[in-house]
Number of protein chains: 2
Amino acid sequence: MITLAELNGIPALEQRVAPADHPIRGIISDLDGVAYRGDTPIEDSVKAFRGWSERGLPYAFVTNNSTKSAAQFAAKLSRIGIPAEPSQVFTTISAVTSLLERRWPRATPVFAIGERPLLEAIEDGGYHLTAVKPKIVVLGFDAALDYAKLRTAVRAALAGATVIATNPDVLTPVHDGYDPCVGVITAAVAAAVPNARPIVLGKPQPFLIEQALAHLGTARHETVMVGDQVGTDIAAGKAAGMRSILLASDVPFNAVADVVPDRVIASLLDLARPETVGWRR
Amino acid sequence: MITLAELNGIPALEQRVAPADHPIRGIISDLDGVAYRGDTPIEDSVKAFRGWSERGLPYAFVTNNSTKSAAQFAAKLSRIGIPAEPSQVFTTISAVTSLLERRWPRATPVFAIGERPLLEAIEDGGYHLTAVKPKIVVLGFDAALDYAKLRTAVRAALAGATVIATNPDVLTPVHDGYDPCVGVITAAVAAAVPNARPIVLGKPQPFLIEQALAHLGTARHETVMVGDQVGTDIAAGKAAGMRSILLASDVPFNAVADVVPDRVIASLLDLARPETVGWRR
């Protein structure tokens, strides 16, 4: 797999991280596992975001989930009590459409596995969704995945189509355990077509975080990334050269070589007044 | 992945191969790509098998395909003009049920992805087919694969179920190209659950060939394996310590390290009278 940075010729970001006691003036947060788990709000997090909203501390959200639009995620956040506008939410849907726009002309034939918001965004971007001779295959989470879709993706990859996956996650936590995520479909296609070399978007690539940082307008060294997964959230924060905070949870994770969070917290309320209390270990 | 031999404590077979000019007194053959391609008979092969049948040269068939029963394959062969009884056909269905019988008591809960003949054979073996807390997950080719089945398999593997795949093939040749085969589903489950270490049956394991050899009753050094795939057919023949003949076709294959066929032929008619002409290079 090649990274987006390699793909776009972007030089590696400096790994310089702000001093631990630097104030936090902007927050970039993961969604599932931080704001909520599945359909259940995480109450401490709701309180923390409400407090930040009231005091004007800007925040934005980055998610590897491609099954909802930014507007749908903002509506979900608002429903559970976290003030959020669509412009604050950066999903792998926008990562896909941004990549398509930078590299392929409109009307390019695209075969996509995914749920309706992903498919609509690709069509809204001017691309031609089709199972016939696609030049690009987009792999996203799809609860209606079936053999015919997998076959179309594999055949297109065999014929030389570029394969793009929304995110690398192989499992996604749900209320009663884990469900397979798009990473397993990418593994299936890559097993059939080793030369396909899928482009894997989403965290741990820093792309979504860079989008969120540009939206916040805060300085990189005064902005933090908060998430519950080391391999994606913390790695992405590090790749963006940001201090990265792990929200500890009951979800186990595999340690990732050379990825260490700058801080581990049990509740977002531990960061409740980050702009005044600064950074405490 | 562990091999069947490791699993059962079977010592590695001797790799001693009969001299090239040794007569052939029994033939073990792959099906798809040798007897027929999809639904189209390979005419030279039909003539060759008919001739062997008339002269009483025994043959048997081994296939990684788990979508038909031995009786269904024998009927298909008879329809295209190759005399065949169900007892001459060894499929990965029997490899699965043999493994189950040797290692797990009847009524053990099994979740299986596969087509009806595989599922029926597992049930006929006395196992309890269920999606609820299975102890064993069997992965076979299933044109009706869907996300729910994949999820059930992944969740069972996460919970510690033993994962058995009917065969390793990632692609299966069809009339107009290639379709993804069970190897990609195994790759998907293994990506989600790296500890699952699937047991992968079928060729290149020699198990089916050993079954076929026992049925033929011919001596190992006077029996040959014929197939069109180096990585499965020829490797399995070698693993069984047999001379292995590659039927060259227009289907490309990847070279496999240390696996070299003893002979390459363009038509089974090149072997038409193997018991008298002996082995020619």
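The values are calculated or read from the model by the stated rules, or taken from the named source; none is laboratory data. This is a predicted model, so every value here is computed, not measured. Note: ideal-geometry Cβ built from the backbone for every residue, glycine included; neighbour counts use all protein chains shown.
Yes or no, residue by residue, for (1) farther than 22 Å from residue A:31 by Cβ; (2) small (Gly, Ala, Ser):
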residue: A:94; (1), (2): no, yes
residue: A:104; (1), (2): yes, no
residue: A:117; (1), (2): no, no
residue: A:140; (1), (2): no, yes
residue: A:153; (1), (2): yes, yes
residue: A:157; (1), (2): yes, yes
residue: A:184; (1), (2): no, no
| Can you spot a residue in segment B:224-239 that is in contact with a Gly (Cβ under 6 Å, 6 or more places away or on another chain) and closer than 28 Å to residue A:152 by Cβ? | yes
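Okay, residues lined up against (1) hydroxyl-bearing (Ser, Thr, Tyr); (2) modelled with pLDDT under 95:
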residue: B:3; (1), (2): yes, yes
residue: B:6; (1), (2): no, yes
residue: B:9; (1), (2): no, yes
residue: B:28; (1), (2): no, no
residue: B:31; (1), (2): no, no
residue: B:38; (1), (2): no, yes
residue: B:43; (1), (2): no, no
residue: B:48; (1), (2): no, no
| remark: Flagged in segment B:118-130 as without any contact (Cβ under 8 Å) to a residue 40 or more places away in the chain, assigned to a helix (DSSP H, G or I) and touching a strand residue (DSSP E or B) at 6+ places or on another chain (Cβ under 8 Å), in numbering order, are B:119, B:122, B:123
| field | Selected residue [touching a helix residue (DSSP H, G or I) at 6+ places or on another chain (Cβ under 9 Å) and at positive phi] from B:237, B:183, B:241 | value | B:241
| message | Out of everything in segment A:132-145 that is free of Cβ contacts under 8 Å to residues at least 40 places away in the same chain and away from chain B (no Cβ under 14 Å), what residue ends up being farthest from residue A:198 (Cα to Cα)? | response | A:134
| request: Go over the candidates A:97, A:63, A:92 one by one and state the one that is surrounded by fewer than 22 Cβ atoms within 10 Å (Cβ to Cβ) and at negative phi. | output: A:97
| task | Hey, can you tell me all the residues within segment B:232-254 that are out of contact with any Pro (no Cβ under 6 Å at 6 or more places or on another chain) and at pLDDT below 70? | result | B:250, B:252, B:253, B:254
| Going by the conditions given, is residue B:148 under 21 Å from residue B:186 (Cβ atoms), within 14 Å of chain A (Cβ to nearest Cβ) and in a helix (DSSP H, G or I)? | yes
| query | Which residue pairs have Cβ atoms under 8 Å apart, sit 6 or more places apart or on different chains, and have a first residue in segment A:74-93 that is outside the structural domain of residue A:210 (by TED's automatic domain parsing) and a second that is among the basic types (Lys, Arg) and surrounded by fewer than 23 Cβ atoms within 10 Å (Cβ to Cβ)? | reply | A:76/A:68; A:81/A:50; A:82/A:50; A:83/A:50; A:91/A:68
| field | Residue check, residue B:211 part of a loop (DSSP other than H, G, I, E, B) and within 17 Å of residue B:66 (Cβ to Cβ) | value | no
| Within the bounds of segment B:171-193, is there any residue that is part of a helix (DSSP H, G or I) and more than 14 Å from chain A (Cβ to nearest Cβ)? | no
| request: Please verify whether segment A:121-130 includes one or more residues that are within 11 Å of another protein chain (Cβ to nearest Cβ) and either within 21 Å of the chain's Cα centre (by Cα) or under 20 Å from residue B:180 (Cα atoms) (or both). | output: no
| query | Is it fair to say residue A:53 is surrounded by 14 or more Cβ atoms within 10 Å (Cβ to Cβ), in a helix (DSSP H, G or I) and modelled with pLDDT under 95? | reply | no
| remark: Flagged in segment A:158-167 as touching a residue at least 12 places away in the same chain (Cβ under 8 Å) and either within 10 Å of another protein chain (Cβ to nearest Cβ) or surrounded by fewer than 19 Cβ atoms within 10 Å (Cβ to Cβ) (or both), in numbering order, are A:158, A:159
| task | Among what's in segment A:132-145 and is part of a loop (DSSP other than H, G, I, E, B) and farther than 18 Å from residue A:170 by Cβ, pick the residue that is nearest to the chain's Cα centre (by Cα). | result | A:144
| query | Out of segment B:165-203, which residues are touching an Asp or Glu at 6+ places or on another chain (Cβ under 8 Å) and not β-branched (Val, Ile, Thr)? | reply | B:171, B:173, B:175, B:181, B:183, B:202, B:203
| request: Tell me which residues, restricted to segment B:11-26, are crowded, with 19+ Cβ neighbours inside 10 Å and modelled with pLDDT under 75. | output: B:18
